[in-house]
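The values are calculated or read from the model by the stated rules, or taken from the named source; none is laboratory data. Just so it is clear, the model here is predicted, and its values are computed rather than measured. All Cβ positions, glycine included, derive from the backbone under ideal geometry; neighbour counts span all protein chains shown. The protein model used for the area step is the full one, side chains on, heavy atoms only, and it has no ligands, DNA or RNA in it. Shrake-Rupley method; radii C 1.70, N 1.55, O 1.52, S 1.80 Å.
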Amino acid sequence: MGFDFGNANDEQKKAIQQTDGPVLIIAGPGTGKTFTLVKRAVYLIVEKKVKPENILIATFTEKAAKELITRISNELIKLDITVNLNDLYIGTIHSICLRLIKENIEFTRLRKNYRLLDEFDQKYLIYRNHKRFDAIAGIELIADNLSPGERAKQLSFYFNSVSEEMATVAELKADKDSAVQALAQAYEVYQELLKEENSMDFSSIQVIAYKLLSENDAIREKVQQQLQYVMIDEYQDTNYVQERLIFLISEKHHNICVVGDDDQGLYRFRGATIRNILEFPSKWDGVVQFSLVDNYRSERDIISFYNDWMQNTEVGSFAWGRFRVDKTIRPANPGLLEGILTVVKVSGVRPL
């Protein structure tokens with residue numbers, strides 16, 4: 001009996017079966033992206049006989065991760081296949097990084113019973129140590145005329161950006177700009193505070209995980225050998241450090257599949273860049289690319305408006321079409337009646 005592809009269309013079937021080597025799946029809105037990921041994971045387990053512990057699947061929210069686990073589990077139950085899905089490395093990139101850190105904590109700067117700082121905790125740490133930051137020469141260049149509370153907010157933003165770009169204190173200190181040099185000293189103080197309090201913030205989770213693998217040959221080789229198949233959802237929302245980490249894990253087997261849509265980048269305020277998905281084919285040899293364009297969610301008039309907007313809209317001198325994968329979404333159910341769609345186009349509005 002052959003593999004059950006369900007209602008998969010031809011392009012989805014090809015994406016599901018292409019398990020070896022680097023793969024890019026451009027999945028437009030409503031085109032069955034999650035369905036394809038679920039079927040791809042099941043295909044690996046059922047057809048390719050890959051053990052769950054050899055598969056990593058990362059997405060951007062806990063809700064999405066739980067949905068993937070539930071749907072993969074249900075698919076396997078229908079096939080009367082029993083596997084321990086707890087062995088799957090599945091979750092957000094941050095949660096997977098935390099798992100790697102916990103499994104190898106003795107090789108990091110952290111000690112047992114470390115504290116993970118949320119956004120408030122991070123700002124409060126800076127706030128209650130504001131005198132150490134106030135003493136830095138040139139601190140006013142990056143946080144001028146601010147109260148301690150506002151300065152803590154501003155500095156936390158800078159520190160997160162530095163972490164996500166993996167800039168080091170030494171690199172910042174070498175910059176000729178006085179403001180960057182002040183930031184270097186502030187970031188150095190902040191790193192000292194984190195070490196003193198046995199803490200890490202949300203942004204540094206990924207940096208610590210990357211350093212764990214890049215600086216320890218035995219751990220890197222163990223992780224690379226174990227995680228033979230890597231799938232990354234919402235790849236358009238990844239940032240620099242996440243790309244470096246994903247590539248490092250995939251370095252041995254090259255079985256990396258990234259899924260996303262350059263039109264749906266949401267996390268630019270966190271350092272995400274659609275450059276990662278646009279440039280993926282140039283960073284791996286032999287990338288196989290698929291485009292999911294059959295929309296199962298919307299009516300024809302909405303899809304038509306979307307295509308027209310994405311292909312023809314320009315903001316000032318910015319030509320959007322130069323910075324996206326060329327694609328035309330089409331209705332999977334062309335027999336649906338057209339609805340009534342009213343759109344008000346506002347000119348003269350500056351993009352965020």
> Looking only at residues in segment 284-299 that are in a loop (DSSP other than H, G, I, E, B) and among the small types (Gly, Ala, Ser), which one is surrounded by the fewest Cβ atoms within 10 Å (Cβ to Cβ)?
Replying inline: Gly286
> From the list Glu192, Glu197, which one is farther than 21 Å from Lys102 by Cβ, of a type in the set (Asp, Glu) and either at pLDDT 95 or above or out of contact with any strand residue (DSSP E or B) (no Cβ under 6 Å at 6 or more places or on another chain) (or both)?
Replying inline: Glu192
> Within segment 208-238, can you find the residues that are acidic (Asp, Glu), open to solvent by less than 50 Å² (accessible area, probe 1.4 Å) and part of a helix (DSSP H, G or I)?
Replying inline: Asp237
> Does Ile81 satisfy the condition of being touching a residue at least 24 places away in the same chain (Cβ under 8 Å) and surrounded by 15 or more Cβ atoms within 10 Å (Cβ to Cβ)?
Replying inline: no
> Only one residue in Thr168, Thr108 is closer than 26 Å to Arg220 by Cβ and out of contact with any Leu (no Cβ under 8 Å at 6 or more places or on another chain), so which one is that?
Replying inline: Thr168
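Matching residues to (1) among the acidic types (Asp, Glu); (2) farther than 19 Å from Val258 by Cβ; (3) buried (at least 18 other Cβ atoms within 10 Å of the Cβ):
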{"residue": "Asp4", "(1), (2), (3)": "yes, yes, no"}
{"residue": "Ala27", "(1), (2), (3)": "no, no, yes"}
{"residue": "Thr34", "(1), (2), (3)": "no, no, no"}
{"residue": "Val38", "(1), (2), (3)": "no, no, yes"}
{"residue": "Ala58", "(1), (2), (3)": "no, no, yes"}
{"residue": "Lys63", "(1), (2), (3)": "no, yes, no"}
> Across segment 54-93, what is the total count of residues that are under 27 Å from Phe247 (Cα atoms) and in contact with a Leu (Cβ under 7 Å, 6 or more places away or on another chain)?
Replying inline: 10
> Going by the conditions given, is Ile303 modelled with pLDDT of 95 or more and buried (at least 18 other Cβ atoms within 10 Å of the Cβ)?
Replying inline: no
>> Return the pair list, or none, for Cβ contacts closer than 7 Å from residues in segment 207-227 that are under 24 Å from Asn160 (Cα atoms) to residues that are open to solvent by 30 Å² or more (accessible area, probe 1.4 Å) and at pLDDT below 95, at least 6 apart or on different chains.
In response: Val207/Met166
> Is it true that Glu171 is under 20 Å from Phe107 (Cα atoms) and open to solvent by 60 Å² or more (accessible area, probe 1.4 Å)?
Replying inline: no
